[in-house]
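Trainee: Questions regarding the structure given below will be posed in turn.
The values are calculated or read from the model by the stated rules, or taken from the named source; none is laboratory data. Because the structure is predicted, anything quoted here is derived from the model rather than measured. Note: ideal-geometry Cβ built from the backbone for every residue, glycine included; neighbour counts use all protein chains shown.
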Amino acid sequence: MKVKGFLKDVGGASRVTKTRLESFENASDRPDMTDPIADVARAWHPGWLDLVVSEVTDISKTSKAVRFRRADGEPMQYFYAGQYMVLDFPIGESVISRPYTVSSAPCRARGGDGYVEICVRRPKEDGFIADYVNEEVKPGDTFRGLIGCGQFYFEPLRDSRTVVAIAGGVGITPFASMAEEVADGKLDIDLTILYGSVSSDDIIMRDRLEAIEKRCDKVKVVNILSGDEPGWKGERGFIDARRIRKYSPAGVENTTYFVCGPQVMYGFIEKAFDELDVPKRRRRFEVFGQAADVTALEGYPEDMKDKTDTEYELTVVRGISETVIPAKAGESLVTALERAGIRTETGCRSGECGFCRTKVLSGNVFISPKSEGLRAADRDFGYVHACAAYPLSNAKIRIPIAQK
Amino acid sequence: MKYYKDHYDVIVIGGALAGLSAALMLAEKGKDVLVLERHNLPGGVATSFVRGGIEIEAALHEMMYIGDKDNRQKVGKFFDRLGIDIDWLKVPEAYHASLPGIEATMHPGLETFSKEVDAVVPGSYDKVLGLLNLCADVYSSVNELSVRSMSKAQMLLKHEAFVKTAGYSTKEVLDSFDLPQKALDLLAPYWIYVGSGFSDLPFTIYAVLMGEYVGNGSFIPRKFSHEMSLKMAEKAEEMGVQIEYRQHVDKILVKDGKACGVRTALGHEIFADYVICSAYPNTVYTKMIEPASEVPAEAIKMVNARRLSLSAYSVILILDKSAEELGIKDYSIFRGKTMDTDECYRELGTLGPYSYLTCICHNLANPDATPPGTCSFSITVLPRVDAWKTVTADDYDRVKHEIADQLVADMSEYLGFDLKDHVLECVIETPVTVARYTGMYNGCIYGYAHTMEDHIVARLQTADAEHFIDHLEFSGAHQISGDGMGPAVVNGWKAAKNVLNTMEKEAE
């Protein structure tokens, strides 16, 4: 065979080798330490940060807003309005983490004094972290936090620019962030917030949202009270199909609905969406965090329902070491690890984000059907998301080595 | 608490395909191996993620070197040998080419492919088949020469085509076939999998590309590339390899010119006889070697001389109708407003608009890839790292969406409906995403560009001289075989073999 001529053809390998060596010879010997693409990645996703509390304010009778800055004085990171952050609370021997939606806008995180804010309301049950935040947290305290988590944000490629937000209780927070971002001209959507509360005392950040509404005609807030409050001039009742239609002048095809609130609300809203034929792609639900009652989850074994106090032995493998800790049937594996003071990375506490991907080596574990984040192959090999997995026997798990 | 043994035979930095492949080969030889992976799962970009309850492939378009059950190729054989039982699905076609004046669906098989070119360009069959046979010939030589060395005279005798084409670019060899433009266009679309324009792409690489993809077809795992990564990791653990996730390695410890361990971000110092590293030599020689004085100037010159290749940008859509309902007929659509690869390569050095797009609809190889009544559709361009170096954190979101809008508009025009009307879930992956999850230098997934200046034949000849620190080996796209998931596995073997050879030599 011949490409150009025998000598030229057979000399190819030597030719390309010589070229290579020459290119090395002519190169600079100055180390190039730059990696601008990693720099952008770090600006958006710096990982866990030390955050110092800069301000704590009351925002309703039962809620507080807590603002954080970076302890190292570096600029706060980028994120999308609607995303949540994870905070670690050192309580006694344990480190307990909780996800909180950021209630301040991403634009408030820019500049030298940029901050992020969360709102914490004291719930009726399981409120010990909420109590802790309300009573103990004060300016100057430092916590570890991971900002910019979750998928609950406006995505122009998918969502309509006409957005109706449906909020209940503390579920107003992502929309407070979005509203501020819209008012500052950083997010180009028309935002109508339907906000359900029992009484006007329960409305969180009412003043702030009213001020935004006044200065920006792209944001509209409709408070709807379910309680029997004399003198209330606004909407009364529940957020139902009729009301959703009333506030969707563009039609359900051309409106994206974002829903955030207590778990019970989701069922009613789904039903209303079905009634209105809202396309699936127009429905965005925020995950709702740790299940309050595991026995209420679909598929939880009948014979275990009155035995959720049962304490099992959980063997935790990290590297070449093993530790045995107690684990209650009614609590997630992550909760057992936290109680035992074993640090593990966990994010949404809803089984979605996958931060706490964990291998179950032996034993039986109930996986919440709401744990939609598991990969198919992971399922085949016994991986679970530990925040949404509950022991049904003594068990052995393997988790990544982490800082204490 | 003691997490690590006092000593390992080998520490592998990075639990992606190359690192796992190296670990598996070493474990097969009874070596005590520790793999440290920064993310919380194996695979690097060979992974998947879940959005709204739907699992989505992160990166794999088609896996090479697998082959049908009765025609297993090298990576497929390796998995079979180790009992890594992956549920491979064959990709039904090579690609649908939508090029200037051409709409043609091409299939694997050298003769089939040549016939399909001939249907578009009558009379081109013999020449096209001649070219493809040459590719297959060179490809088989590459396979043979990668396992056995021989004298120059022997090489010329037994591997004539390989030797005689080694000094030429793809363009130079294609020109010698004197093919009509449309035939050339139909032979070009796979170029993106090796990422250099034909005037600078070594023909040897083109030959491997066409020899394998057109010769043997391509495959995907049923449960996404995560199935492959996870099964490799699980097998490695079964064979005694310790894999630790979420462990970022900061430093490679070197003493008297020899790698002897690592330090992790958590501060653990771990010791071993050998280190295999998946991080780019650029990162290693400028930031990771401790003490830095162990890095010779030649190592810095080498990394400075080499040009980084491509990164990745994908818009991945989950659509709210099935592929059939939407009229999507092909697993892969390669759409080019031009098929001049040099021009396409130039465009990849910008932030768009891009005129060469590759699209994948997984459901056409794997009907159950997404829930009934939905399908996945991804649009990918592989921009050069240089283009993205200019994007600031402030600009990032805007740039990311402007490109997405262009890609989605172009493909909507081609498909005849607006993709935006059907988006159930969407994800935009960028070079920044790659950097975030894998830590790869400048988000570069393709390693160093395959060019005439950085030719694979030259890489093979100078490999020993480019070894600057004893007992430190590299594995990943930045190594000899370059980019791609199949080549990643091959790069891992090479690193493991180097370790095994040194062990043997030093034992003597």
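Residue-wise test of (1) in contact with a helix residue (DSSP H, G or I) (Cβ under 9 Å, 6 or more places away or on another chain); (2) assigned by TED's automatic domain parsing to the domain that holds B:ALA166; (3) in a loop (DSSP other than H, G, I, E, B).
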position: B:GLN461; (1), (2), (3): yes, no, no
position: B:GLY476; (1), (2), (3): yes, no, yes
position: B:ILE480; (1), (2), (3): yes, no, yes
position: B:VAL490; (1), (2), (3): yes, no, no
position: B:THR502; (1), (2), (3): no, no, no
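Trainee: Here's a follow-up. Taking into account only those residues within the stretch B:137-156 that are over 22 Å from the mean Cα position of the chain (by Cα) and either of a type in the set (Asp, Glu) or in a helix (DSSP H, G or I) (or both), which is modelled with the lowest pLDDT? Break it down stepwise before answering.
Mentor: So in the stretch B:137-156, the residues over 22 Å from the mean Cα position of the chain (by Cα) come out as B:137, B:148-156.
With the extra rule that they be either of a type in the set (Asp, Glu) or in a helix (DSSP H, G or I) (or both), the set shrinks to B:137, B:152-156.
Numbers: B:ASP137: 97, B:LYS152: 82, B:ALA153: 86, B:GLN154: 89, B:MET155: 88, B:LEU156: 89.
In this case the residue turns out to be B:LYS152.
Trainee: Another one. Output the number of residues of the stretch A:31-52 satisfying the condition of being at the interface with another protein chain (Cβ under 7 Å from one of its Cβ atoms) and without any contact (Cβ under 8 Å) to a residue 60 or more places away in the chain. Show your work before the answer.
Mentor: Step one: list which residues in the stretch A:31-52 are at the interface with another protein chain (Cβ under 7 Å from one of its Cβ atoms), which gives A:31-33, A:35-38, A:40-41, A:43-45.
Still in the running and without any contact (Cβ under 8 Å) to a residue 60 or more places away in the chain: A:31-33, A:35-38, A:40-41, A:43.
Of the residues in the stretch A:31-52, 10 are at the interface with another protein chain (Cβ under 7 Å from one of its Cβ atoms) and without any contact (Cβ under 8 Å) to a residue 60 or more places away in the chain.
Trainee: Take the residues in the stretch A:187-243 that are hydroxyl-bearing (Ser, Thr, Tyr) and under 26 Å from the mean Cα position of the chain (by Cα), then tell me which one is farthest from A:THR57 (Cα to Cα). Even if it seems obvious, please write down each step before you answer.
Mentor: Let us first name the residues in the stretch A:187-243 that are hydroxyl-bearing (Ser, Thr, Tyr), namely A:192, A:195, A:197, A:199-200, A:226.
Keeping just the survivors that are under 26 Å from the mean Cα position of the chain (by Cα) gives A:192, A:195, A:197.
On the way: A:THR192: 26, A:TYR195: 21, A:SER197: 21 Å.
Only one residue fits best here, namely A:THR192.
Trainee: For the stretch B:105-128, what are the residues that are farther than 20 Å from B:TRP191 by Cβ and touching a Ser or Thr at 6+ places or on another chain (Cβ under 7 Å)?
Mentor: Within the stretch B:105-128, B:ASP118, B:TYR125 meet the criteria.
Trainee: Right, another one. Cβ-Cβ distance below 7 Å, separation of 6 or more or different chains: which pairs start in the stretch A:11-25 with a residue that is closer than 9 Å to B:ALA458 by Cα and facing chain B (nearest Cβ under 7 Å) and end on one that is charged (D, E, K, R) and outside any helix (DSSP H, G or I)?
Mentor: Every condition considered, the pairs that remain are A:THR19/B:GLU453; A:ARG20/B:GLU453; A:ARG20/B:ASP454.
Trainee: One residue is enough: does the stretch A:60-76 have a residue meeting the conditions touching a helix residue (DSSP H, G or I) at 6+ places or on another chain (Cβ under 9 Å), modelled with pLDDT of 95 or more and within 7 Å of chain B (Cβ to nearest Cβ)?
Mentor: For the stretch A:60-76, residues touching a helix residue (DSSP H, G or I) at 6+ places or on another chain (Cβ under 9 Å), modelled with pLDDT of 95 or more and within 7 Å of chain B (Cβ to nearest Cβ): absent.
Trainee: For the stretch B:157-257, which helices (runs of 4 or more DSSP H) that fit wholly inside it have 3 or more residues that are within 13 Å of another protein chain (Cβ to nearest Cβ), in contact (Cβ under 8 Å) with a residue 12 or more places away in the chain and surrounded by fewer than 24 Cβ atoms within 10 Å (Cβ to Cβ)? Walk me through it before giving the result.
Mentor: On the way: elements: B:160-165, B:170-175, B:181-186, B:203-216, B:224-238.
Qualifying helices (runs of 4 or more DSSP H): B:170-175.
Trainee: Under the condition of being within 21 Å of B:PRO371 (Cβ to Cβ) and in contact (Cβ under 8 Å) with a residue 60 or more places away in the chain, which residue from the stretch A:260-284 is nearest to the chain's Cα centre (by Cα)?
Mentor: A:ARG284
Trainee: Limited to the stretch A:50-67, what total is found for residues that are crowded, with 19+ Cβ neighbours inside 10 Å and under 30 Å from B:PRO431 (Cβ atoms)?
Mentor: Qualifying residue count, the stretch A:50-67: 1.
Trainee: Could you list, in sequence order, the residues of the stretch B:109-139 that are crowded, with 17+ Cβ neighbours inside 10 Å and under 15 Å from B:VAL208 (Cβ atoms)?
Mentor: Taking the stretch B:109-139 first, the residues crowded, with 17+ Cβ neighbours inside 10 Å are B:110, B:113-114, B:116-118, B:120-121, B:124-125, B:127-129, B:131-132, B:134-139.
Once the filter is applied, which keeps residues that are crowded, with 17+ Cβ neighbours inside 10 Å and under 15 Å from B:VAL208 (Cβ atoms), the stretch B:109-139 yields B:LEU110, B:LEU131, B:LEU132, B:LEU134, B:CYS135, B:ALA136, B:ASP137, B:VAL138, B:TYR139.
Trainee: Here is a further query. Under 28 Å from A:LEU191 (Cβ atoms) and of a type in the set (Val, Ile, Thr): does that describe A:VAL53?
Mentor: Values: under 28 Å from A:LEU191 (Cβ atoms): no; of a type in the set (Val, Ile, Thr): yes.
Taking the combined requirement at face value, the residue does not satisfy it.
Trainee: Condition first: in a strand (DSSP E or B), crowded, with 22+ Cβ neighbours inside 10 Å and within 12 Å of another protein chain (Cβ to nearest Cβ). Now tell me which residues in the stretch B:18-49 satisfy that.
Mentor: Within the stretch B:18-49, the subset in a strand (DSSP E or B) is B:33-36, B:43, B:48-49.
Okay, now just the ones that are also crowded, with 22+ Cβ neighbours inside 10 Å, so B:33-36, B:43, B:48.
B:LEU34, B:LEU36, B:GLY43, B:SER48 - these are the residues of the stretch B:18-49 that are in a strand (DSSP E or B), crowded, with 22+ Cβ neighbours inside 10 Å and within 12 Å of another protein chain (Cβ to nearest Cβ).
Trainee: Is it true that B:ASP386 is within 14 Å of chain A (Cβ to nearest Cβ), surrounded by fewer than 22 Cβ atoms within 10 Å (Cβ to Cβ) and assigned to a helix (DSSP H, G or I)?
Mentor: Values: within 14 Å of chain A (Cβ to nearest Cβ): yes; surrounded by fewer than 22 Cβ atoms within 10 Å (Cβ to Cβ): yes; assigned to a helix (DSSP H, G or I): yes.
Answer is yes for this residue.
Trainee: Still on this structure, please answer the following. Filter the stretch B:445-459 down to the residues that are within 8 Å of chain A (Cβ to nearest Cβ) and in a loop (DSSP other than H, G, I, E, B) and list them by number. Working first, answer last.
Mentor: Residues of the stretch B:445-459 that are within 8 Å of chain A (Cβ to nearest Cβ), as a first pass: B:452-455, B:457-459.
Across the stretch B:445-459, the qualifying residues are B:MET452, B:GLU453, B:ASP454, B:HIS455.
Trainee: For the stretch A:318-353, which positions are facing chain B (nearest Cβ under 9 Å) and out of contact with any strand residue (DSSP E or B) (no Cβ under 6 Å at 6 or more places or on another chain)? Steps first, please.
Mentor: Within the stretch A:318-353, the first condition is being facing chain B (nearest Cβ under 9 Å), and the residues that meet it are A:318-321, A:323, A:345, A:352.
Listed by number, the residues that qualify are A:ARG318, A:GLY319, A:ILE320, A:SER321, A:GLU345, A:GLU352.
Trainee: Among the residues of the stretch A:24-57, which ones are over 21 Å from A:GLY114 (Cβ atoms) and assigned to a loop (DSSP other than H, G, I, E, B)?
Mentor: From the stretch A:24-57, those over 21 Å from A:GLY114 (Cβ atoms) are A:24-38; that's our starting set.
A:ASN26, A:ALA27, A:SER28, A:ASP29, A:ARG30, A:PRO31, A:ASP32, A:MET33, A:THR34, A:ASP35, listed by residue number.
Trainee: Give the residue, chosen from B:ALA272, B:ALA265, that is within 24 Å of B:ALA16 (Cβ to Cβ) and within 14 Å of chain A (Cβ to nearest Cβ).
Mentor: On the way: B:ALA272 fails: within 14 Å of chain A (Cβ to nearest Cβ).
Result of the check over B:ALA272, B:ALA265: B:ALA265.
Trainee: Looking at B:ILE66, B:ILE56, can you tell me which residue is buried (at least 21 other Cβ atoms within 10 Å of the Cβ), outside any loop (DSSP other than H, G, I, E, B) and β-branched (Val, Ile, Thr)? Show your work before the answer.
Mentor: Values: B:ILE66 fails: outside any loop (DSSP other than H, G, I, E, B).
One residue alone meets the criteria, B:ILE56.
Trainee: Also: So, A:ILE129, is that one buried (at least 23 other Cβ atoms within 10 Å of the Cβ) and farther than 22 Å from A:VAL219 by Cβ or not? It would help to see each step written out before you state the result.
Mentor: Numbers: buried (at least 23 other Cβ atoms within 10 Å of the Cβ): no; farther than 22 Å from A:VAL219 by Cβ: yes.
For A:ILE129, the condition - buried (at least 23 other Cβ atoms within 10 Å of the Cβ) and farther than 22 Å from A:VAL219 by Cβ - is not met.
Trainee: Follow-up question, since we're still on this one. Applying the selection to the stretch A:356-367, what residues are in contact with a helix residue (DSSP H, G or I) (Cβ under 8 Å, 6 or more places away or on another chain) and within 11 Å of chain B (Cβ to nearest Cβ)? Give the steps one after another, and end with the answer.
Mentor: Within the stretch A:356-367, the subset in contact with a helix residue (DSSP H, G or I) (Cβ under 8 Å, 6 or more places away or on another chain) is A:356-358, A:365-367.
Passing the criteria: A:CYS356, A:ARG357, A:THR358.
Trainee: If you don't mind, there's one more thing I want to ask. List the residue pairs whose Cβ atoms are under 6 Å apart, where the first residue sits in the stretch B:31-54 and is among the β-branched types (Val, Ile, Thr), the second is at pLDDT below 95, and the two are 6 or more positions apart or on different chains.
Mentor: Going by the 6 Å Cβ cut-off, the qualifying pairs are B:VAL50/A:GLY373.
Trainee: Separate question: Any idea which residue in the stretch B:398-408 is nearest to the chain's Cα centre (by Cα), counting only those that are more than 8 Å from chain A (Cβ to nearest Cβ) and surrounded by fewer than 17 Cβ atoms within 10 Å (Cβ to Cβ)?
Mentor: Across the stretch B:398-408, the extreme among qualifying residues is B:GLU402.
Trainee: Has the stretch A:368-382 got any residue that is of a type in the set (D, E, K, R), in contact (Cβ under 8 Å) with a residue 40 or more places away in the chain, more than 21 Å from A:ALA291 (Cα to Cα) and more than 9 Å from every other protein chain (Cβ to nearest Cβ)? So that I can check it myself, show each step before the final result.
Mentor: Let us first name the residues in the stretch A:368-382 that are of a type in the set (D, E, K, R), namely A:370, A:372, A:375, A:378-380.
Now drop any that are not in contact (Cβ under 8 Å) with a residue 40 or more places away in the chain, which leaves A:370.
In the following step, the residues that additionally are more than 21 Å from A:ALA291 (Cα to Cα) were identified as none.
Looking for residues that are of a type in the set (D, E, K, R), in contact (Cβ under 8 Å) with a residue 40 or more places away in the chain, more than 21 Å from A:ALA291 (Cα to Cα) and more than 9 Å from every other protein chain (Cβ to nearest Cβ), one finds none in the stretch A:368-382, hence no.
Trainee: Something else: Only residues that are more than 13 Å from chain B (Cβ to nearest Cβ) and assigned to a loop (DSSP other than H, G, I, E, B): list them for the stretch A:383-402, please.
Mentor: Listed by number, the residues that qualify are A:LEU392, A:SER393, A:ASN394.
Trainee: May I pose another question? In the stretch B:409-437, how many residues are at the interface with chain A (Cβ under 9 Å from one of its Cβ atoms), outside any helix (DSSP H, G or I) and more than 25 Å from the chain's Cα centre (by Cα)?
Mentor: The total comes to 3.
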